[in-house]
């Protein structure tokens, strides 16, 4: 063998190995390993608030107002049913009926004439006489006030007044007996007695409860017969 052959052979083997490396498939090549990630530092626990922290928070939020929470609609089963619409015409009709019920044009005379306890007339005296008496057809010529008298005193005073009226030809007079509000149990005792006494007097033809301007329920207006003739209507 010629000198220098081993060196050449070794050179050829190295070239062969290099060629084999180049011809090896790419999937056989392993990617270089990534450097390891550094470990995260453990989270530090937040220190508990001190009394000074709490005092500082209260001082900073003094006078703050909470925000209004948005109103949430109720669940479907709890939703309110809208009220039924009221027809406008029905409202107008009800208002008109109320005005008519409280009308100022109420015929008070008609109501008084239909109540037997508010008037009296002797047999033979027509209802038109009572109507005239109530409407002021005759002028009130005199009056007597029995209010506050005892029963016997009132009866005697009324008798004397009627005798004087007959002698002086008074045809229309007023007798004030009061409403009896100051009587025991607030019963109008004298009021009932006076009406009973008047029905027993021959000179009395009729009486009616006075109009509000003449005493109302506390007085009576009397029509007396004339000393010369008897009233017949």
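The values are calculated or read from the model by the stated rules, or taken from the named source; none is laboratory data. As the structure is a prediction and not an experimental result, all values here were calculated from the model. When we count neighbours, we look across all protein chains shown, and the Cβ atoms used for this are built from the backbone with ideal geometry, even at glycine.
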Just to confirm my filter: which strands (runs of 3 or more DSSP E) fall fully inside the range 76-184 and include at least 1 residues that are closer than 21 Å to residue 210 by Cα, more than 45 Å from the chain's Cα centre (by Cα) and at pLDDT below 90? none
Picked from the range 197-217 (must be out of contact with any helix residue (DSSP H, G or I) (no Cβ under 7 Å at 6 or more places or on another chain), assigned to a helix (DSSP H, G or I) and modelled with pLDDT of 90 or more), the residue surrounded by the fewest Cβ atoms within 10 Å (Cβ to Cβ) is 199
